[in-house]
Amino acid sequence: MRTLLRVAFLLLFLAGNALAQGYPTKPVKLIVPFPPGGNTDIVGRLFAQKLSEALGQQVYVDNRGGAGGAIGAEAAAKSPNDGYTLFFGTTGTLAAVPAMRADLPYDPIRDFTAISTLANAPVVVMVRADVPANTLRELIALAKAKPDQLKYGSAGTGHFVHLAGEMFGSAAGVDLFHVPFKGVAAALVDVLGGRIELMFDAAAQYEPHIKSGKLRALAVAHPTRLARLPEVPTTAEAGLPGYQLAATFGLVAPTGTPGSVVERVNAEVLKALKAPEVLAALQKLGLEPGGNSPQQFAAMIVEEGKRWRAAVKAAGIKLD
């Protein structure tokens, strides 16, 4: 019996090696759960190109937008687990949306195998220039003095930016007033127009207004300062170490995808993240490079799910 088991394990090992060496033998589909043109699509196409070059087969993007990314995620989860379908996962599809929808047709932990993070967009705490708060501590003190009076905008109830504000309030022990808009661009108009005071979002589209002095960046919710905004302290430096948050982009595959394929794609992603042209492209988008092991990314998805469920529960949010 022991001999048979050894032979069986040897055959599985050899089969896995053969698959890794031969993979891929045909084009690979990368499902991006949002329409063309946005940051997710741009980053997805960037890594699809680098993987195509590394793997010797075309890795093509299949945009499946809708339902906050859930349509694309469901399509990926139900795809064959042969290594020829990859999914461009985001904080929304892997943590936020599952935390808000009990009827979701996929489970981010059960239905996906983690490969690696690709990039992340740390949240920056920003205030309008005339708000009397020059530091994060001063903002927290102001919010405590005016409970539920300082207003922040988002792209809608349950949006990443909405929950970023809820998480800030919880970490700082303050009550803020959430104002939902149809998009963050509309929220930005109202910040600049003097109708709301705060925003919690990635810095990219706000950077010109930060540079011009119309907005004041108080802190970045990240372990390190941002290269594009080196003068802005981290939340830990600014006195709120418990508030760290970023929108993360990552690569996953349907559960059951061969481990040898996962390791091969992971290795190529890590190589791509060292390429100067990739780093330059991410920096232009205001993104920080990612990169970790499948095991680390899997653990991250679990922990992020817990964080977002807690934030959603605290905010009393439920999407139908």
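The values are calculated or read from the model by the stated rules, or taken from the named source; none is laboratory data. Worth saying up front: this structure is predicted, and the values here are computed from it rather than measured. We place every Cβ from the backbone using ideal geometry, glycine too, and count neighbours over all the protein chains shown.
Quick check on Lys182: is it among the basic types (Lys, Arg) and assigned to a loop (DSSP other than H, G, I, E, B)? Steps first, answer last, please.
Working: among the basic types (Lys, Arg): yes; assigned to a loop (DSSP other than H, G, I, E, B): yes.
Judged against the criteria, Lys182 is a match.
Checked against the criterion of being buried (at least 17 other Cβ atoms within 10 Å of the Cβ), farther than 30 Å from Asp111 by Cα and either out of contact with any His (no Cβ under 6 Å at 6 or more places or on another chain) or in the same structural domain as Gly89 (by TED's automatic domain parsing) (or both), the candidates His222, His209 yield just one match: His209. Taking every residue in the stretch 61-78 that is without any contact (Cβ under 8 Å) to a residue 60 or more places away in the chain and pairing it with any residue that is of a type in the set (S, T, N, Q) and surrounded by 22 or more Cβ atoms within 10 Å (Cβ to Cβ), at least 6 positions away or on another chain, the pairs with Cβ-Cβ distances below 6 Å are Gly69/Thr93; Ala73/Thr93.
Exactly one residue out of Leu192, Leu94 is touching a helix residue (DSSP H, G or I) at 6+ places or on another chain (Cβ under 7 Å) and surrounded by fewer than 17 Cβ atoms within 10 Å (Cβ to Cβ), and it is Leu192.
Restricting to the stretch 99-120, name every residue that is surrounded by 24 or more Cβ atoms within 10 Å (Cβ to Cβ) and of a type in the set (A, V, I, L, M). Of everything in the stretch 99-120, those that are surrounded by 24 or more Cβ atoms within 10 Å (Cβ to Cβ) and of a type in the set (A, V, I, L, M) turn out to be Ala99, Ala114, Ile115, Leu118, Ala119. Selection of the stretch 127-158 for residues being surrounded by fewer than 20 Cβ atoms within 10 Å (Cβ to Cβ) and either basic (Lys, Arg) or modelled with pLDDT under 90 (or both) yields Arg137, Lys144, Lys146, Lys151, Ala155, Gly156, Thr157. Mind listing just one residue for me: the one in the stretch 237-286 that is among the polar types (S, T, N, Q) and part of a helix (DSSP H, G or I) and, of those, farthest from the chain's Cα centre (by Cα)? Of everything passing the filter in the stretch 237-286, Ser260 is farthest from the chain's Cα centre (by Cα). Scanning the stretch 163-170 for residues that are over 22 Å from the mean Cα position of the chain (by Cα), farther than 18 Å from Gly92 by Cα and surrounded by 14 or more Cβ atoms within 10 Å (Cβ to Cβ) turns up nothing. Considering the stretch 29-63, and only residues there that are at pLDDT below 95 and surrounded by fewer than 21 Cβ atoms within 10 Å (Cβ to Cβ), the residue that is nearest to the chain's Cα centre (by Cα) turns out to be Asn39.
Taking each residue of the stretch 256-271 that is β-branched (Val, Ile, Thr) and looking for partners that are assigned to a helix (DSSP H, G or I) with beta-carbon atoms closer than 6 Å, six or more apart or interchain, yields Val262/Pro294.
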